[in-house]
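Structure record follows, encoded as structure tokens.
The values are calculated or read from the model by the stated rules, or taken from the named source; none is laboratory data. These figures come from a predicted structure and were not determined experimentally. A quick note on method: Cβ atoms are made from the backbone with ideal geometry, for glycine too, and the neighbour counts reach across all protein chains shown.
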Amino acid sequence: MSKLTVAVLSCLFATSMAFAQAPAAKPAPAVAVATPAASDCEAKAIGKNGKALAGAAKASFMKKCEADAAKGSANAGMDCEAKAVSKNGKPLFGAAKAASIKKCESGKAK
């Protein structure tokens with residue numbers, strides 16, 4: 001009886017190992033092709049605390065950002081002002097902000 005138990009357990013173990021090594025194929029996500037505007041909006045999706053937005057807040061932000069990008073940037077100064085953030089994602093103030101906006105606007109003029 002013990003030989004039969006060992007045989008059954010070893011078969012179960014071998015079968016479980018075979019299934020553990022072959023992960024199930026995941027279907028491709030149904031996402032539209034990423035446009036440059038979408039990637040820009042994705043980079044801008046940062047909350048007031050400097051952390052990336054998630055869930056409904058991110059979805060709402062992305063919808064508004066992509067709509068604004070589709071309309072075109074009528075005032076380039078506002079776009080540069082939105083880009084005036086530090087390395088950690090927090091908004092710049094004072095002279096650092098002014099220098100960042102000036103650099104951004106001079107880059108767009110070229």
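Data for the structure
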item: Residue pairs meeting the criteria (Cβ under 7 Å; at least 6 apart or on separate chains; first in a loop (DSSP other than H, G, I, E, B), in segment 86-101; second modelled with pLDDT of 85 or more and exposed (fewer than 14 other Cβ atoms within 10 Å of the Cβ)); result: Leu92/Ser86
item: Candidates Glu81, Glu66, Glu105, filtered to the one that is at pLDDT below 85, surrounded by 12 or more Cβ atoms within 10 Å (Cβ to Cβ) and farther than 15 Å from Asp40 by Cβ; result: Glu105
item: Test: residue in segment 24-33 that is among the small types (Gly, Ala, Ser) and modelled with pLDDT of 75 or more; result: no
item: Meets criteria (of a type in the set (Ser, Thr, Tyr) and at pLDDT 65 or above) for Ser73; result: no
item: Condition broken by Gly50, with the remaining ones in (1) at pLDDT below 80; (2) part of a loop (DSSP other than H, G, I, E, B) satisfied; result: (1)
